[in-house]
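The values are calculated or read from the model by the stated rules, or taken from the named source; none is laboratory data. Here the structure is a predicted model, which means the values were calculated and not measured. Glycine gets a Cβ as well: all are built from the backbone with ideal geometry, and neighbour counts include every protein chain shown. The area values use the complete protein model at the heavy-atom level, side chains included, leaving out ligands, DNA and RNA. Shrake-Rupley method; radii C 1.70, N 1.55, O 1.52, S 1.80 Å.
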Amino acid sequence: MTHQGSLTVLVVDDESPVADAYAETVGQRYEVEVAYSGQEALEKLSAEIDVVLLDRRMPDISGDEVLEEIRDRGIDARVAMVTAVDPDLEIIEMPFDDYIVKPVSPEELFETIERLYQCVDYEDRLREYYSLTAKYAALRSSKPVDELEASEEFGSLESTMTEKRDELDELTSSLDDQDFQKMFADIGSEHEWPDIE
């Protein structure tokens, strides 16, 4: 499943040849912004950025600090650390979505961006489905069954729920355990979905 052209990726690396190489590669499929320092990355951060490919070691403001600022600002972007720094136990507390050790091939860049997008897509659809199930549950608890069965609007709600659940099932089949761990670390609370009778 590809989403070419629908994403904006911010590439952040203080080594300009590396940043430019990543940007040229990523730009074959996605919209790209480039920042050559942590400060420039902070200036370019906006709600339009979907994915950040972030170096850790930068002289002015480190990638770790940029990551912290992204989360503090509440920017809803997926962040992949793309770095020569081997992971240590300190990364357990870091709120990134993926960690890739350089050197990185074009295929790895594309796979990482696509995986992160799939997670975002799944979360969006899950929230939409949850909203529908909340309406469904509220109506089931307050209206007589025969009134709901006679309602065209309620029938449409049930059909939409089934459609959205099928979409989630299809997306689920393309995600692995790591993808789910990353997603549900963000979602934060578990929900029980009511059965559609």
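Got at least one residue in segment 16-32 being touching a helix residue (DSSP H, G or I) at 6+ places or on another chain (Cβ under 6 Å), of a type in the set (Asp, Glu) and open to solvent by 40 Å² or more (accessible area, probe 1.4 Å)?
no
Restricting the first residue to segment 50-65 and requiring it to be in a strand (DSSP E or B), which pairs with a second residue that is of a type in the set (Lys, Arg) and surrounded by 17 or more Cβ atoms within 10 Å (Cβ to Cβ) meet a Cβ separation below 7 Å and a spacing of at least six or different chains?
Going by the 7 Å Cβ cut-off, the qualifying pairs are 51/78.
When you scan segment 31-49, do you find a residue that is more than 20 Å from the chain's Cα centre (by Cα), more than 19 Å from residue 98 (Cα to Cα) and part of a loop (DSSP other than H, G, I, E, B), even just one?
Yes, the conditions are met somewhere in segment 31-49.
Residue 8 versus (1) in contact with a helix residue (DSSP H, G or I) (Cβ under 8 Å, 6 or more places away or on another chain); (2) under 14 Å from residue 116 (Cβ atoms); (3) among the hydroxyl-bearing types (Ser, Thr, Tyr); (4) without any contact (Cβ under 8 Å) to a residue 60 or more places away in the chain: which is the lone unmet condition?
That leaves (1) as the condition not met.
Which of the following residues is open to solvent by less than 10 Å² (accessible area, probe 1.4 Å) and modelled with pLDDT under 95: 12, 104, 66, 82?
So the residue among 12, 104, 66, 82 that is open to solvent by less than 10 Å² (accessible area, probe 1.4 Å) and modelled with pLDDT under 95 is 82.
Can you tell which of 132, 157, 139, 168 is hydrophobic (A, V, I, L, M, F, W, C), surrounded by 12 or more Cβ atoms within 10 Å (Cβ to Cβ), under 19 Å from the mean Cα position of the chain (by Cα) and modelled with pLDDT of 85 or more? If you could, list the steps in order and put the result at the bottom.
Details: 132 fails: under 19 Å from the mean Cα position of the chain (by Cα); 157 fails: under 19 Å from the mean Cα position of the chain (by Cα); 139 fails: under 19 Å from the mean Cα position of the chain (by Cα).
None of the others qualify; the one that does is 168.
Somewhere in segment 104-114, is a residue part of a helix (DSSP H, G or I), of a type in the set (Asp, Glu), touching a residue at least 60 places away in the same chain (Cβ under 8 Å) and out of contact with any helix residue (DSSP H, G or I) (no Cβ under 8 Å at 6 or more places or on another chain)?
So far as segment 104-114 goes, yes, one or more of its residues are part of a helix (DSSP H, G or I), of a type in the set (Asp, Glu), touching a residue at least 60 places away in the same chain (Cβ under 8 Å) and out of contact with any helix residue (DSSP H, G or I) (no Cβ under 8 Å at 6 or more places or on another chain).
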